[in-house]
Amino acid sequence: MSDEEKLELPEQDEDTPIDDSMLLDDNEETALEPMLTSTKPDEPLQAIYDVPVQVSAVLGKASMQVSQLLKLGRGAVVELDRRVGDAIDVYVNDRLVARGEVVIVDDHLGVTMTEIIKSDKA
């Protein structure tokens, strides 16, 4: 991971209102609008918008022997290499892209991105 750069995202509490420094000014918004709202088929990125990707959120990992794995049953606990509160890894197509925290959305689990991992690999 030496060739990856970590970009820290600012902490944002759910109850904290968004301040003006977090918003795009009119010039930035206008510049981004064609990229975000264009539906022309000849746009350079349009071809990849429908490509499916596999997104995985990894809570942690554990190593064990096959014999131990076969002994696991309902209610068994597998100790992972992470502690409560540690960031989880988010992979897209088996490439680490972010770290985040587990959140509950309605009755589903989700991930809040807290750190984006930028890879120098092209």
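The values are calculated or read from the model by the stated rules, or taken from the named source; none is laboratory data. Worth saying up front: this structure is predicted, and the values here are computed from it rather than measured. All Cβ positions, glycine included, derive from the backbone under ideal geometry; neighbour counts span all protein chains shown.
Quick notes on this one:
- Residue count for segment 47-61, restricted to those that are modelled with pLDDT of 90 or more and part of a loop (DSSP other than H, G, I, E, B): 7
- Look at segment 93-122: where a residue is basic (Lys, Arg) and a partner is not in a strand (DSSP E or B), sitting 6+ places away or on another chain with Cβ atoms under 8 Å, you get Arg99/Ala87; Lys121/Asp3.
- Residues within segment 77-93 that are under 19 Å from Thr114 (Cα atoms) and surrounded by fewer than 10 Cβ atoms within 10 Å (Cβ to Cβ), tallied: 3
- Restricting the first member to segment 49-62 and to residues that are over 12 Å from Ile88 (Cβ atoms), and the second to residues that are loosely packed, with under 12 Cβ neighbours inside 10 Å, the beta-carbon pairs closer than 8 Å and six or more apart or on different chains are Val53/Asn93; Gln54/Asn93; Gln54/Asp94; Ala62/Val78; Ala62/Glu79; Ala62/Asp81.
- Apart from one condition, His108 fits all of (1) of a type outside the set (Asp, Glu); (2) modelled with pLDDT of 55 or more; (3) surrounded by 10 or more Cβ atoms within 10 Å (Cβ to Cβ); the exception is (3).
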